[in-house]
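Here's the structure, in structure tokens; my notes come after.
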Amino acid sequence: MTVKTRFAPSPTGFLHIGGARTALFSWAFARHNKGKFILRVEDTDVERSTQESVDSILDAMQWLNLSYDEGPFYQMQRMDRYKSVIQQMLADGSAYYCYCSREELDALREEQMSNKEKPRYNRKCLNNHEHDQTRSPVVRFKNPTDGVVVWNDLVKGRIEIANSELDDLIIARSDGTPTYNFCVVVDDWDMQITHVTRGDDHVNNTPRQINILQALGAPVPQYAHLPMILRDDGQKMSKRRDPVSVMQYQEMGILPEALLNYLSRLCWGHGDDEVFSIAQFVEWFNLDNISPSPARFDMKKLFWVNSQHIKNMDNVKLLEVIEPGLIKLGIDVKELDITSILDLVKTRGDNLNTITQEVAYFYQPQTASQDDVTKHLTDLAISLLNAFANALDGLDEWSLEAIKAMVKEFCAVQNIKMPQLGMPLRLKLCGTTQTPSFDAVLYILGKNNVLSRLSKSIS
């Protein structure tokens, strides 16, 4: 049997961070088992679905590099298939027309609740052929009334739901549009999905979908319902206060592989491993080691994982990632030894934006704040920098060792400690007091560049 999984987002907004984890686990399970991963866009909510949302989801999947083998399939393009199956079910008696009005259904619900009964449709229209012919009917699935629905959830274990708890689900609206739970069933059947990995908010849908699949004589996939991702304080994540859109993390300077690495650790683990490649994750991943307890999203931990991926990244790949930002700043990396710069700065930030800024000041000094200028560039400091420039101008050999020796000798002659020179020197050269070792900065900038920057005043 070929393993086939699917990710099926609704295009009513951006790709949520929880959806990204669902996509990751579905993708990884398919890849681990040499199977196929399908992308399906569930766009039957016509009023809320937008092309902008579709594009946003596709862009996020591409950025995360979660490639799919089939799709994207769009449910709105499969309407003829859904309607054909509904007609088949009406013919074989597993579905029926319901002509009840909203007012009748509301009255029934109120009566059942007042009698402390579970609200459910009373099947008035199942065998009643006396109805208002002017009213457009819905189509209901004839759910079994006895027995239980049982499945072995790959995350939550055995789940058992009595059919008496389930209603005769509406599978087509009065305008003929099929409903979510029905479309999902037909799609999973037609696309030969073997494993459904999704959020545990879908647990209540599963017994209904299993019953429809069985009524159609279709195979039932295995289900794995993933627990919710909460804030680090245990509250539900909210787009009003949390970065829940995948592409927000791109803007924050998170590497896609770092985000996937971190998401993979939310409810799943491999021993004590915290930082690993996506290839390793695919090799290790299975659905058996997923905890059913909610995960907590720790932003500090994510940035730490990101810093480790940046530090371990090949310089060629790192430059490829940050170069668009450097180009926007008008920086030509060929002017200096970019490899040496990256070796210096890649351990100094936990996000790509910081790394880009660290690289940028080698090419374009930042504009220092007046407070920094006042604090570090006193008359004494300026005098010291002028003396240092003269000493540097007389340096014949431009090597890291020669620069270190010259700096040490200069500080001894001036009777100062290294930080007394380093702070104003960094500010003068780079516009910031936070740089790597300043002798390394001097070496990379080159003698002419250093002397030119020292000769300019900072406003």
Set of lysines with alpha-carbon distance to Lys83 below 26 Å, sequence-local pairs under 8 removed:
Lys4, Lys124, Lys142
Assuming a ≥ b ≥ c are the square roots of the Cα gyration tensor eigenvalues, decide whether region 111-216 counts as rounded (a/c under 1.5), prolate (otherwise, with a/b larger than b/c) or oblate.
oblate
Under 18 Å from a label point 7 Å along Cα→Cβ of Thr12: give me every residue in region 166-185 with its amide N that close.
170-174, 177-185
Once amide hydrogens are built 1.01 Å from N within the peptide plane, the residues lying 5 or more places from Tyr74 or on another chain with amide H under 5 Å from its amide H are Val41
Options Val46, Thr5, Met89, ranked by Cα towards positive dipole end of region 1-150, top entry (Cβ charges)
Thr5
If you plug each phi of region 112-118 into the Karplus form 6.51 cos²θ - 1.76 cosθ + 1.60 with θ = phi - 60°, what whole-Hz ³J(HN,Hα) values come out, in order, with x for Gly and Pro?
5, 5, 5, 8, 6, 9, 6
Return the distance in nm (one decimal) between the two label points of a simple spin-label model at Leu451 and Met252, each offset 7 Å from Cα along Cα→Cβ.
4.7 nm
Inter-label distance, nm, simple model (7 Å from Cα along the C-beta direction), Val321/Arg48:
3.4 nm
Given the chain, what percent of its DSSP beta bridges are antiparallel, to the nearest 5?
50 percent
Stretch Gln434-Asp242 to full length: gain in nm at 0.36 nm per residue minus the Cα-Cα span?
66.2 nm
Taking the Cβ of Ala224 as the centre, find all other residues whose Cβ is under 9 Å away and add up their charges (Lys, Arg: +1; Asp, Glu: -1).
+1
Leaving ligands, DNA and RNA out of it, report the carbon-plus-sulfur percent of the accessible area of region 272-378 at a 1.4 Å probe.
47 percent
Taking r as the C-beta separation of Met228 and Arg173 and R0 as 30 Å, the FRET efficiency to the nearest 0.05 is 0.55
Mind giving me the FRET efficiency for Thr367 and Ser340? R0 is 22 Å, r the Cβ-Cβ distance, nearest 0.05 is fine.
0.35
For the chain, the longest site-free run once GluC sites (Glu not before Pro) in DSSP loop states with at most 15 other Cβ atoms within 10 Å are removed:
131-273
Bin all alpha-carbon pair distances of the chain at 20 Å intervals from 0 and give each bin's fraction as a whole percent.
20, 38, 23, 13, 5, 0
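Can you give me the accessible area per residue for region 299-385, using a 1.4 Å probe, in Å²?
Heavy-atom accessible area per residue stands at 55 Å².
Hey, what did the chain get for relative contact order, percent, Cα under 8 Å, at least 6 apart?
RCO, the chain: 13 percent.
Where in region 90-168 are there trypsin sites (Lys or Arg not before Pro) that are in a DSSP coil and have at most 12 other Cβ atoms within 10 angstrom of their Cβ? Could you put the intermediate results ahead of the total?
Numbers: sites: Arg102, Arg109, Lys116, Arg120, Arg123, Lys124, Arg135, Arg140, Lys142, Lys156, Arg158; in loops: Lys116, Arg120, Arg123, Lys124, Arg135, Lys142, Lys156.
Hits after loop and neighbour filter: Lys116, Arg135.
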For the pair Thr378 and Glu165, the simple spin-label estimate (label points 7 Å beyond Cα toward Cβ) gives in nm 7.5 nm
Run the helix sum for the chain: -39,500 (n - 2.57) per DSSP H stretch of 4+ residues, divided by residue count, reported at 222 nm to the nearest 500 deg cm²/dmol.
-14500 deg cm²/dmol
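The values are calculated or read from the model by the stated rules, or taken from the named source; none is laboratory data. Since the model is a prediction, treat every value here as computed from it, not as a measurement. Positions of Cβ are generated from backbone atoms using ideal geometry, with glycine treated the same way; all protein chains shown enter the neighbour counts. These area figures cover heavy atoms from the full protein model, side chains too; ligands, DNA and RNA do not enter into them. Shrake-Rupley method; radii C 1.70, N 1.55, O 1.52, S 1.80 Å.
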